[in-house]
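Structure record follows, encoded as C-alpha cells.
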Amino acid sequence: MYDVAIIGAGVVGGMTARALSKYKLKICILEKENDVAMGATKANSAIVHAGFDAKEGSLKARLNVRGAEMMPTVCRELGVKYQNNGSLVVGFNEEDRAIINDLLARGKANGVAGLEILEQDALKRLEPNISGEAICALHAPTGSIVCPYDLTVAAIGNAMDNGAQLKRNFAVCRIESTENGYLLSSQTDSVEARFVINCAGVYSDAVANMVGDTSFRVHPRKGEYILLDKECGTLVSHTIFQTPSKMGKGILISPTVDGNLLLGPTSVDGEDKENKATTQEGFADIIEKAQKSIGAVPLGKTITSFCGLRAVGSTGDFIITSPKKGFINAAGIESPGLSASPAIAEYITQMLSQQGLTLTEKESYNPIRTSSHAFREMSLEEKNRLIKENPAYGRIICRCEGVTEGEILDALRRNPKATDLDGVKRRTRAQMGRCQGGFCSPYIIELLARELGVPYERVTKSGGASFINVAQTKGGQ
Amino acid sequence: MKDLVIIGGGPAGMSAAIAAADSGIRDILVIERDAHLGGILQQCIHNGFGLHKFGEELTGPEYAWKYEQKLHDLNIDYKLNTMVLDLSEDKVITATNSEDGIFQIRAKAVILAMGCRERAKGALNIAGSRPAGIYSAGTAQKFVNMKGFLPGKNVVILGSGDIGLIMARRMTLEGAKVHAVCELMPYSGGLARNIQQCLHDFDIPLRLSHTVVEIHGKDRLEGVTIAQVDASRKPIEKTREYIPCDTLLLSVGLIPENELSKAAQVDISPITNGAVVDQDRQTSVPGIFACGNVLHVHDLVDFVSEEAEIAGKAAAEYINGSQSDALSIPVKTDGKIRYTVPQIITRKKDVTVYFRVSDVYKNVSVKVTSGDAVIVSKKKRKVAPGEMESITLKRDQLASVKELYFSLEGM
Ligand SMILES: Cc1cc2nc3c(=O)[nH]c(=O)nc-3n(C[C@H](O)[C@H](O)[C@H](O)COP(=O)(O)OP(=O)(O)OC[C@H]3O[C@@H](n4cnc5c(N)ncnc54)[C@H](O)[C@@H]3O)c2cc1C
Ligand SMILES: Cc1cc2nc3c(=O)[nH]c(=O)nc-3n(C[C@H](O)[C@H](O)[C@H](O)COP(=O)(O)OP(=O)(O)OC[C@H]3O[C@@H](n4cnc5c(N)ncnc54)[C@H](O)[C@@H]3O)c2cc1C
C-alpha cells in the first residue's frame, strides 16, 4: 500500500514525486513507457517563460511566475543546467507593436520583473543577427532556458534516492476505489495507494475517465522542431519569439543549454495522441518563419528534427482539480507547464495536505543530486584523480560530445537507471552530437547488454520492440 | 616534446608515420582512439584494397596489417584507446586515455589523419516517425562485421555511396533482402566496380533519381515511402510508393572529421570540408599537415596511402628545417571541376593534382591553364563525381606560372 501513486513520469509527475519525497510517505511513480520523460517533457521548447504570456488571474499565470522563481534553486540542487539568457518578443510592424504593448501590460500585472520595450537600434545591439525587418521587441530579462529531460531525470532520480519507487512499462488502464484508496492496474500488475495524482499528459483525460471524471477533454497539438549543430548555437543568445497575432504564434529561435540552436515549434491540432511524426509541411513552415526572424537559416547544419504533443485542455487553463477525494488531476498541462512544474508540485502538495495527507518531514531527506555533468565541470586535476580511481573516465565513447565510459556507466547504474539507447542519450548526451550515434552506439549497446545482463541483440532503442539488431550473423559469436 | 605526433592510426596515419621514419625521423607518436590500428579498414572485410599499391586484391584488414607490421619493424611508437581532445595552433595536443588520464604533448610537427564520419539522417530532414532500424551504412557494417549481429532482414538503402553498395551485398550474403537502393541523383556516387559487383550481380535494383520521403513505424521501422524526384530534386507526389521494410541504411555522404583542425585554426575549404593544403599537404598553419579522408574523401585506400607518404615525408623535411619556400601558385577550378588537392602550390617540383568533378560528363577534356597558356590538356571519355582523377604537372611546367586554372571543356 502506497501513500501516493503518481501516474506519469513527465516533468510534472517528476517534480511532484520529488516534492513529496521530502516527507515520510511511501510513493510510487507509474509510467507506461520504458523510461521517464517520454511525453511532452522530452520534446518542447525548453523555455522557462518569464510569465507575460498567460492571462491575468489564470492558474497558468500564477504557477508560471511562481515556478520560474523556484526554478534556479531546483536546478542548482539537482545539478541541472539552467541559463538565464533572457527572451525577446520581436515585432515587425505597428500591429505587432500594439500586441507587444499589451504583453508588457499583462506581464506587469502578472508580476514579471524587468520587462522593457526595445527599439530597433537597441535590439540590434543585443542581437546582431536579427533580421533588419524587426522594428521593436519586448525584452524579458528573466526568461531562461533549461534542459527539460535532464530536469526530469534528475528530479525522479532525487525522489528515488529519497525513497520513491519508479515502475516502468506500467500503463494504468483501470482504477477502482478500495476501502483505503484506489487500486491502479495495468494489464499485468497492480498497486494500491491512498492518494492518486494524475499527471498523464495527453492521456490525463483518459485517466480521469477511469474514476468517472468526464468534466474535461485533452487533445494533442503537434509542435515540430529542427535542431541545428553547435556551430550555429551562437547565432542568437536570447530566446527569440515572434509576436503572436491573428496569423498565429510564429516560431521561436533559441539556443539550448547545451549550445545547439532550436527552431520551432509548429502548431497543428490533431486527434491522434501517438502521432509524433514530423512532416514536410512542418519543415517548410519552420524554415519560412525562422527566415523572418534571422534571415538565412543554415539548414545544412541540421542535426535532427522531432515533434512534441501539447496536452491542450478543454478549459483553456491548467486543470488541477480533485474530482473525488484522494484523486487529483494535473491535466491540460500545456505550455508553460515546464516553467510552472515546481509550482504545480507545490500546489498539489498543498491540496494533498488539505485532503488529510499528513506531511511529516524526513530527517534523511537530501535535496541534492550529483549533476550528470559533474565530470565535465571538474578541473583537470580532479578529472585525473577520478581517472586514476576509475579508468572508465579516461575512455571516450561518444566522440562528438566527448562522453566517457565512466559517465555512461553512471547513467546505467544511477537512479533512474537508463535501460535503453535513448535513455543513455538523454542522460549523457552520448549519440546526441553530429554523427547521431553512428560511431558510438555499437559500444553503448555493449555496455547496456553487460549491465542489464541481456544478449546484445536484445538491447532496444527505447523499450518495447525497438530492437537495434534482430539476429546474429551467420558467422556470429 | 615530440618531433612528430600523428593523430589517427588509420591507413593515412600509418603511411605518414612510416614515410616520416623512412625520412629519418625517430621521435614519432601515433595516437589512435580505437582499440586497434587500421581505422575504418578493420570493418571492411571485403576485398578490393591495394590493387594500385600492391597489385593484388586485399581485404581491408589485410591491407592494414601490411602497414602495421612495418610500423612494428620501424619501432614506431603508438598509443591505442587514446582520444585527442584538443589541438592548439602552437601544436600542443591534449589527449585522454584510461592509463595516463588527460595529458598534453607539444610537437614540432603534427599530421592530421582523423578520417571522416558518415552524414547522419538528421541532415536529410526526412518526414515521419523515429523508430529503431535506421542506421548509417558504416554503423551497420560495424554491427555485422565487427560485432556479429544483423541489424535487420528487409532493407532499403538510401544513397549509393560505396559503403551503401558494399552493405547491400553484405546484408544479402547474410540472408537479408535488399529491396532497393535509392539514389537522389541521376547517377551513383559510388565506384562503377561496386555497382556491378554489389548490386547488378545480386539483382538489387538501383533506383536513380529516387529518395525516401517518409518513415513509418513506432518501435521498429515498418516501412518507408519513396518517390521519384524531378530535375530540381523535389519529390514527385504521384510517384510515391510504399516499401515495407525493417531497416533503412543511409549512405549519403562522408564528412571529414575536422573538429581538431578547426581548433588549431587551420583554414578549411568549404568544398572539401577538409584543410586547404599545398603540394606537401601542409595546412595554413606551418608544421600542421593533413592527409587521408580528413583532408578529402577518397574512394581508394591506395590513394590515401600515397597522399599520406607525401605528408609524412614533408613533415620530416619541416622538422629538419630543410623546406624551401619559394612560390605561391593558387589552383582554381571552374565549378565543373569541383575541387583540387592541393589548392596551392608553394614549391617548384613535380606535383600530382587530384580532383573531382561535380557531375557526370562525357567526352570532355580537362584543361590546366595559366592565363592564356594551356599547360596540360587531357581527354576523358567519361568523368564522374564518384571517381577521383589526377594530373601530374612537371616541375618545368610550373616555371613562370602565377595561377593554375583547372577546367572541363566539351569536345
Ligand atoms: C511543442 C511544445 C512546446 C512546449 N514549450 C514549452 C516551453 O518552452 N516552456 C514550458 O514551460 N512548457 C513548454 N511546453 C509544455 C511542457 O512541455 C509540458 O507542460 C510539460 O512537459 C508537461 O509535463 P507532464 O509531466 O504533464 O506531461 P508529459 O511529459 O507528457 O508526461 C506524461 C507522462 O504520462 C505517461 N502516461 C500517460 N498515460 C499513462 C498511463 N495510463 N499510465 C502510466 N503512464 C502514463 C506518459 O507516458 C508520459 O511519460 C511545451 C510543450 C510542447 C508540446
Ligand atoms: C565502408 C568503406 C568501404 C571502403 N571500401 C574500399 C575499397 O573497397 N577499396 C578501397 O581501396 N578503399 C575503400 N574504402 C576507402 C578507404 O578505406 C578509406 O578511404 C581509408 O580507410 C581512409 O583512411 P584514413 O586513415 O584517412 O581514415 P580512417 O581509416 O577513418 O582512419 C582514421 C583514424 O583516426 C582515428 N581518429 C580520429 N579522430 C581521432 C582523435 N581525435 N584521436 C585519436 N584518433 C582519432 C580513428 O579512430 C581512425 O582509426 C572504403 C571505405 C569505407 C568507409
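The values are calculated or read from the model by the stated rules, or taken from the named source; none is laboratory data. Keep in mind it's a predicted model, so treat the numbers as computed, not measured. Positions of Cβ are generated from backbone atoms using ideal geometry, with glycine treated the same way; all protein chains shown enter the neighbour counts. With ligands, DNA and RNA removed, areas are computed over all heavy atoms of the protein, side chains included. Shrake-Rupley method; radii C 1.70, N 1.55, O 1.52, S 1.80 Å.
Mind listing whichever residues of segment B:101-142 are buried (at least 24 other Cβ atoms within 10 Å of the Cβ), at the interface with chain A (Cβ under 7 Å from one of its Cβ atoms) and of a type in the set (A, V, I, L, M, F, W, C)? The answer is B:Ala120, B:Ala132. Can you pull out the residues in segment A:70-86 that are farther than 14 Å from A:Gly337 by Cα and either buried (at least 22 other Cβ atoms within 10 Å of the Cβ) or within 14 Å of ligand 1 (Cβ to nearest atom) (or both)? If the condition is that a residue be farther than 14 Å from A:Gly337 by Cα and either buried (at least 22 other Cβ atoms within 10 Å of the Cβ) or within 14 Å of ligand 1 (Cβ to nearest atom) (or both), then A:Val74, A:Cys75, A:Leu78, A:Val80, A:Tyr82, A:Gln83, A:Asn85 are the ones that fit. Could you check, for segment B:278-289, whether at least one of its residues is at pLDDT 95 or above, among the hydroxyl-bearing types (Ser, Thr, Tyr) and under 29 Å from B:Lys70 (Cα atoms)? Yes, segment B:278-289 contains at least one residue that is at pLDDT 95 or above, among the hydroxyl-bearing types (Ser, Thr, Tyr) and under 29 Å from B:Lys70 (Cα atoms). The condition (being in contact with a strand residue (DSSP E or B) (Cβ under 9 Å, 6 or more places away or on another chain) and over 30 Å from B:Asn47 (Cβ atoms)) is satisfied by just one residue among B:Leu221, B:Leu248, B:Leu208: B:Leu221. Being more than 16 Å from ligand 1 (Cβ to nearest atom), closer than 30 Å to B:Lys66 by Cβ and within 14 Å of chain A (Cβ to nearest Cβ) holds for only one residue in B:Val353, B:Val341, B:Val294, B:Val304, and it is B:Val294. The residue list B:Gly50, B:Gly13, B:Gly55 contains one member that is among the small types (Gly, Ala, Ser), away from ligand 1 (no atom under 16 Å from the Cβ) and under 30 Å from A:Gly402 (Cβ atoms), which is B:Gly13.
Condition check for A:Cys307 on (1) outside any strand (DSSP E or B); (2) within 11 Å of chain B (Cβ to nearest Cβ); (3) at pLDDT 95 or above: one failure, at (1). Which of the residues that make up segment A:310-341 are within 23 Å of A:Ala277 (Cα to Cα) and part of a strand (DSSP E or B)? If the condition is that a residue be within 23 Å of A:Ala277 (Cα to Cα) and part of a strand (DSSP E or B), then A:Arg310, A:Ala311, A:Val312, A:Gly313 are the ones that fit. Every test in (1) touching a residue at least 60 places away in the same chain (Cβ under 8 Å); (2) farther than 30 Å from A:Ser204 by Cα; (3) hydrophobic (A, V, I, L, M, F, W, C) is passed by A:Leu309 save one, and that test is (2).
Each row is one residue, and each column tells you yes or no for (1) modelled with pLDDT under 95; (2) more than 21 Å from A:Cys147 (Cα to Cα).
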site: A:Ser254; (1), (2): no, no
site: A:Gly264; (1), (2): no, no
site: A:Lys273; (1), (2): no, yes
site: A:Val297; (1), (2): yes, yes
site: A:Gly300; (1), (2): yes, yes
site: A:Phe318; (1), (2): no, yes
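With respect to the conditions (1) more than 7 Å from ligand 2 (Cβ to nearest atom); (2) more than 14 Å from chain A (Cβ to nearest Cβ); (3) surrounded by fewer than 24 Cβ atoms within 10 Å (Cβ to Cβ), B:Ala64 falls short on a single one, namely (3). Residue check: B:Ser23 meets all listed conditions (1) in contact with a Phe, Trp or Tyr (Cβ under 9 Å, 6 or more places away or on another chain); (2) over 22 Å from A:Phe439 (Cβ atoms) but one, namely (1). In the condition set (1) closer than 22 Å to A:Ala200 by Cα; (2) among the polar types (S, T, N, Q); (3) in contact with a strand residue (DSSP E or B) (Cβ under 9 Å, 6 or more places away or on another chain), A:Ser353 is compliant with all but (3). Within segment A:253-288, the set of residues being outside any loop (DSSP other than H, G, I, E, B), away from chain B (no Cβ under 14 Å) and open to solvent by less than 60 Å² (accessible area, probe 1.4 Å) comprises A:Ile253, A:Ser254, A:Pro255.
Restricting segment A:41-69 to residues that are in a loop (DSSP other than H, G, I, E, B) and under 17 Å from A:Gly223 (Cβ atoms), the residue that is farthest from ligand 1 (Cβ to nearest atom) is A:Asp53. Taking segment B:183-220, which residues are within 14 Å of chain A (Cβ to nearest Cβ) and surrounded by fewer than 19 Cβ atoms within 10 Å (Cβ to Cβ)? Of everything in segment B:183-220, those that are within 14 Å of chain A (Cβ to nearest Cβ) and surrounded by fewer than 19 Cβ atoms within 10 Å (Cβ to Cβ) turn out to be B:His216, B:Lys218, B:Asp219. The listed residues are A:Thr360, A:Thr370, and the only one of them that is on the phi < 0 side of the Ramachandran plot, open to solvent by 50 Å² or more (accessible area, probe 1.4 Å), over 24 Å from the mean Cα position of the chain (by Cα) and of a type in the set (Val, Ile, Thr) turns out to be A:Thr360. Residues that are within 10 Å of chain B (Cβ to nearest Cβ) and open to solvent by 10 Å² or more (accessible area, probe 1.4 Å) within segment A:393-420 comprise A:Tyr393, A:Arg395, A:Ile396, A:Ile397, A:Arg399, A:Cys400, A:Gly402, A:Glu405, listed in sequence order.
Conditions tested, residue by residue: (1) in a strand (DSSP E or B); (2) within 13 Å of ligand 2 (Cβ to nearest atom); (3) on the phi > 0 side of the Ramachandran plot.
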{"site": "B:Val110", "(1), (2), (3)": "yes, yes, no"}
{"site": "B:Gly122", "(1), (2), (3)": "no, no, no"}
{"site": "B:Thr139", "(1), (2), (3)": "no, yes, no"}
{"site": "B:Asn145", "(1), (2), (3)": "no, yes, no"}
{"site": "B:Arg170", "(1), (2), (3)": "no, yes, no"}
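Here the condition is being farther than 28 Å from A:Thr256 by Cβ, more than 14 Å from every other protein chain (Cβ to nearest Cβ) and within 10 Å of ligand 1 (Cβ to nearest atom); of A:Ser177, A:Ser186, A:Ser215, it holds for A:Ser186 alone.
Give the residues of segment A:299-348 that are acidic (Asp, Glu) and under 15 Å from A:Gly10 (Cβ atoms), sorted by residue number. Answer for segment A:299-348, where residues must be acidic (Asp, Glu) and under 15 Å from A:Gly10 (Cβ atoms): just A:Glu334.
I want to confirm something. Restricting to segment B:221-278 and keeping residues that are assigned to a strand (DSSP E or B) and within 16 Å of ligand 2 (Cβ to nearest atom), which single residue is farthest from the other protein chains (Cβ to nearest Cβ)? Across segment B:221-278, the extreme among qualifying residues is B:Ala275. Here A:Gly437 clears all of (1) without any contact (Cβ under 8 Å) to a residue 40 or more places away in the chain; (2) open to solvent by 30 Å² or more (accessible area, probe 1.4 Å); (3) at the interface with another protein chain (Cβ under 9 Å from one of its Cβ atoms); (4) under 24 Å from A:Glu377 (Cα atoms) except the condition numbered (2).
There is at least one residue in segment A:208-218 that is assigned to a helix (DSSP H, G or I) and either over 30 Å from A:Pro298 (Cα atoms) or within 22 Å of the chain's Cα centre (by Cα) (or both). The set of residues in segment B:149-166 that are within 13 Å of another protein chain (Cβ to nearest Cβ) and either part of a helix (DSSP H, G or I) or open to solvent by 10 Å² or more (accessible area, probe 1.4 Å) (or both) comprises B:Lys153, B:Asn154, B:Ile163.
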